[in-house]
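Right, one structure below, let's go through it.
The values are calculated or read from the model by the stated rules, or taken from the named source; none is laboratory data. Everything numeric in this text was worked out from a predicted model, so none of it was measured. We place every Cβ from the backbone using ideal geometry, glycine too, and count neighbours over all the protein chains shown. Please note that ligands, DNA and RNA were not included when accessible areas were found on the heavy atoms of the full protein model with its side chains. Shrake-Rupley method; radii C 1.70, N 1.55, O 1.52, S 1.80 Å.
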Amino acid sequence: MTVTEQLSATTLLRFATAGSVDDGKSTLVGRLLHDSKSVLTDQLEAVEHASRNRGQEAPDLALLTDGLRAEREQGITIDVAYRYFATPRRRFILADTPGHVQYTRNMVTGASTAELAVVLVDARNGVVEQTRRHAAVAALLRVPHVVLAVNKMDLVDYAEPVFAKTAEEFTAYAASLGVPEITAIPISALAGDNVVEPSAHMDWYGGPTVLEHLETVPVSHDLTECPARFPVQYVIRPQTAEHPDYRGYAGQIASGVLRVGEQVTVLPSGRTSTIAGIDALGESVDIAWAPQSVTLRLTDDLDISRGDLIAPGADAPAVTQDVEATVCHVADRPLTVGQRVLLKHTTRTVKAIVKDIPSRLTLDDLSQHPAPGQLVANDIGRVVIRTAEPLALDAYAASRRTGSFLLIDPADGTTLAAGMAGASFAAVTGQDADGAALDDAEWDF
């Protein structure tokens, strides 16, 4: 089997790292890449050279991800650094996010597509304010797996009671936010303990290393188990002698499975039709599933354009012009009540107005600050938005793909906020309305 075939056969895990300043996130990522043999020789030589120039004897592995000049000068992470690596068991897309409070929006960006978040804690400091903030962001974004990496265990003499106390406090807090799975691992990123190889200094710990957990954690993002959603990107009408009457609707299936002969509803118009054919890679197929890019042909000539959503007739989302959502404000200019914006949802962009900002969330203690009047950079708050045209919007808890949207400044196209439709957090007790325990199947990715 070739390398390409091996990679194609392995699953993909997207994960993000987060933590307070100087907790060692970038060092952990560098250690993970280095010890898993995912660093090229010239990259390692460049890091060694940069480390020597800074008066360090050993290579500073944090420099593998902290590439901006300001990051290296200050020894902090500012931007989100993406790294791609693979082991024989799994492929990974890693987002190394910054720890400073003023870069909370960067963490939201990095964790928005993550299926797992690694939250680092300095063993000497335990759970701090920023740790709670990152746990809350992970819960808001419906990240199903959270790893607590208690770092710098070498500085507390690898003491089990220190780890146990921090793990207990964090697990209780994250569980109260509705995070369904929390795994605590004691590590030393600088020394390499429990990152890729098991530690010889912590024989009291019998759990997996960080890499072992990343390789074996269930990746529960099977989009085919969810209701089908097909945002139309482009209408294909060649009108040639070979295809005089061809009318196809091209796009990427956001979730679910579509079959020839299935009855569908086109939203927001509500008109119904039947799938007459599915074209994929120049060939006709009987079935297609997420995240394939295909062209649908319907039995009826309907008025369908970019931004419309095709969904099963029996399981179509509700159409609304009034959107209640949680948003993370990412722009430097504030978001105010009465402000006119553009709302981009899947392939549809509509005019909208911010009708109300009922509250701003304080992530430190999860308290609500009522009627703030505006949201500034890094703020997370509830908003009520009225759109000029109807939207077929799912709840973010049901679908991260069709339950999310962007608010855009119509004047210059700047992204103002990232929105998540519906309730802020999952049930605090980790149970649904009927009292049944939540499982990974209810988390759609």
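Observations
- For region 232-257, a tally of residues being open to solvent by 10 Å² or more (accessible area, probe 1.4 Å) and either within 12 Å of Pro312 (Cα to Cα) or assigned to a strand (DSSP E or B) (or both) returns 6.
- Restricting attention to region 79-137, the residues that are among the charged types (D, E, K, R), closer than 19 Å to Leu28 by Cα and not in a strand (DSSP E or B) total 3.
- Number of positions in region 383-410 that are open to solvent by 50 Å² or more (accessible area, probe 1.4 Å) and modelled with pLDDT of 95 or more: 5
- Some residue of region 121-128 being touching a residue at least 60 places away in the same chain (Cβ under 8 Å), within 18 Å of Ala184 (Cβ to Cβ) and within 14 Å of the chain's Cα centre (by Cα): no
- Which listed residue is at pLDDT 95 or above and assigned to a helix (DSSP H, G or I), from Leu148, Leu214: Leu214
- Any chance Val260 is crowded, with 16+ Cβ neighbours inside 10 Å, among the hydrophobic types (A, V, I, L, M, F, W, C) and outside the structural domain of Tyr84 (by the TED database): yes
- Filter pass, Ala250 being closer than 21 Å to Ala311 by Cα, modelled with pLDDT of 95 or more and of a type in the set (Gly, Ala, Ser): yes
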